[in-house]
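Beneath this line is the structure, given in structure tokens, with notes to follow.
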Amino acid sequence: MTPARPSAIAGYDDWPAYVRSNPRHQASTAAAQELSDALGVPGAGALPEVRVHWEETYDGATTSQLSWQLGFGPRTTGWLVRPAGRPGPLPGVLALHCHGGNKFGGADRLVDLPESHPSAAAARAGLYDGRALATDIARRGFAVLAHDSFAWGSRRFDLSTPPWRTASAAAARHAQWREDGVVPTDADQYNAAAGFHEDTVAKAAGLLGTSLAGMVAYDDLAAMEVLAALPGVDPENLGCIGFSGGAGRSLALAALSPRIRAAVVTCMMTTFESLFPAYLDAHSWLLQTPGLWKLGDWPELTGRSPAARFLVQYALADELFPEDGMRQAHHLLESLHAGTDKYTGTLWPGGHVFTGPMQDEALDFLAHTLAVRPVHNPSQGPS
């Protein structure tokens, strides 16, 4: 007897019904609506109820673990980080985690927690120069929300019994580990399966009239509304920041949400043409939505944001993007926004890493654009 096929979307079996009932996000402008429709962003439900699970203050920052339930799939975990003892209202920033080939975790790689999972610590060490980005931003005077997005961390798919194609591919990876004498961690095993499973998720999203990027944008838009509604947050003074896949999320969110006043896009910007033919397989479905090119190139998406100013940081030795494509994007953005303060582009040496100096520049940009008062250190006397 042939065994029953396992679900290809375990943990998200209510996803198709939600998208069928809420097929279209209602954007605030025609330009944003075109992008939303191209990504297939579903419509939002009511603002979710937020639970606070714990709160701790250490090293100048107060961190709260939050959660909320969206209209489908697992419950979302997020962390709100604020400067300790700083009264509100504070400008808010949504910190968007990267792809990183690590779907076992999510936003925990951005937050200084009492105990970090080894996969989060490894992501920080390898991609963020060892720094907890969200916590560092908060210490500069912001209320920062970092949340797990669709398919990552608390929002990951249940692959304990993977669909057959994913299971077959994962079995080959396990055989290679055995041959190499590697003992994989739970995170290693999940991430290997999730890497193959992303094709299935993208296939399911396409059948539902959406995309992986559209579903992530749905989660990010919801998180932005959660942040705007939190006590002590100035809803008129909000920004977002992301590196790599998180940078693509930052770009899309700034174009989709009229709330965004400042957006940081780090190690992501190029032209579509520059990825052909050699760089296509360097990227996941998160950055490659079918048909997106019909709206113009990636740099042109900045023009769809009604209010945001952009800092775009390029790493000229980035192994995921060709240098000529990054330089083309930089010149195109300079031309698109000539005579305005909407675009700042900086060219950095080095590879696909959000280095400490790049993070410092990004934090200075957010502080300047969102007019943050410096956090006062009592040891320095009156400010």
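Observations, loosely collected:
- Residues satisfying the stated conditions in the range 302-321, i.e. open to solvent by less than 10 Å² (accessible area, probe 1.4 Å) and either in contact with a helix residue (DSSP H, G or I) (Cβ under 6 Å, 6 or more places away or on another chain) or among the small types (G, A, S) (or both): S305, A308, F310, L311, Q313, Y314, A315
- Against the test of being open to solvent by less than 60 Å² (accessible area, probe 1.4 Å), in contact with a Lys or Arg (Cβ under 8 Å, 6 or more places away or on another chain) and at pLDDT 95 or above, the options G105, G141 yield a single qualifying residue, G141.
- The single condition among (1) modelled with pLDDT under 95; (2) open to solvent by 50 Å² or more (accessible area, probe 1.4 Å); (3) under 26 Å from N237 (Cα atoms) that R86 does not satisfy is (2).
- Residue match in the range 221-229 (condition: within 28 Å of V93 (Cα to Cα), open to solvent by 40 Å² or more (accessible area, probe 1.4 Å) and of a type in the set (A, V, I, L, M, F, W, C)): yes
- From the options V41, V93, V81, V52, residue that is at pLDDT 95 or above, surrounded by fewer than 16 Cβ atoms within 10 Å (Cβ to Cβ) and not polar (S, T, N, Q): V52
- Candidate set: the range 261-277, residues that are hydrophobic (A, V, I, L, M, F, W, C) and without any contact (Cβ under 8 Å) to a residue 40 or more places away in the chain; chosen: the one surrounded by the fewest Cβ atoms within 10 Å (Cβ to Cβ): F276
- Filtered residues of the range 3-49 (kept if hydroxyl-bearing (S, T, Y), over 16 Å from S211 (Cβ atoms) and touching a residue at least 40 places away in the same chain (Cβ under 8 Å)): S7, S28, T29
- Residue pairs whose Cβ atoms lie under 6 Å apart, separated by 6 or more positions or on different chains, with the first residue in the range 240-260 and open to solvent by 10 Å² or more (accessible area, probe 1.4 Å) and the second at pLDDT 95 or above and assigned to a strand (DSSP E or B), are R249/L96; R249/G242; R259/L238.
- Qualifying residue in the range 344-351 (condition: part of a helix (DSSP H, G or I) and either modelled with pLDDT of 95 or more or within 30 Å of T29 (Cα to Cα) (or both)): no
- Residues of the range 343-358 that are surrounded by 17 or more Cβ atoms within 10 Å (Cβ to Cβ) and under 21 Å from W298 (Cα atoms): Y343, T344, G345, W348, H352, V353, F354.
- Residues that are touching a Gly at 6+ places or on another chain (Cβ under 8 Å) and either at positive phi or open to solvent by less than 20 Å² (accessible area, probe 1.4 Å) (or both) within the range 278-295 comprise L286, T289, listed in sequence order.
- Matching residues, the range 164-215, being within 24 Å of A122 (Cα to Cα) and among the polar types (S, T, N, Q): Q176, T185, Q189, N191
- Verdict on S28 being surrounded by fewer than 16 Cβ atoms within 10 Å (Cβ to Cβ) and of a type in the set (S, T, N, Q): yes
- Counted residues, the range 281-317 - those being over 19 Å from the mean Cα position of the chain (by Cα) and assigned to a loop (DSSP other than H, G, I, E, B): 8
- Residue count for the range 110-138 under the criterion of being of a type outside the set (S, T, N, Q), open to solvent by less than 10 Å² (accessible area, probe 1.4 Å), over 17 Å from Y190 (Cβ atoms) and under 17 Å from the mean Cα position of the chain (by Cα): the result is 6.
- Here R178 does not qualify as at pLDDT 95 or above and either within 27 Å of S67 (Cβ to Cβ) or surrounded by 24 or more Cβ atoms within 10 Å (Cβ to Cβ) (or both).
- Long-range neighbours under 6 Å by Cβ, at least six apart or interchain, first residue open to solvent by less than 30 Å² (accessible area, probe 1.4 Å) within the range 188-209, second in a helix (DSSP H, G or I) and hydroxyl-bearing (S, T, Y): A193/T166; H197/T166
The values are calculated or read from the model by the stated rules, or taken from the named source; none is laboratory data. Note that this is a predicted model, so its numbers are computed, not measured. Positions of Cβ are generated from backbone atoms using ideal geometry, with glycine treated the same way; all protein chains shown enter the neighbour counts. Surface accessibility is based on the protein's heavy atoms, side chains included, excluding ligands, DNA and RNA. Shrake-Rupley method; radii C 1.70, N 1.55, O 1.52, S 1.80 Å.
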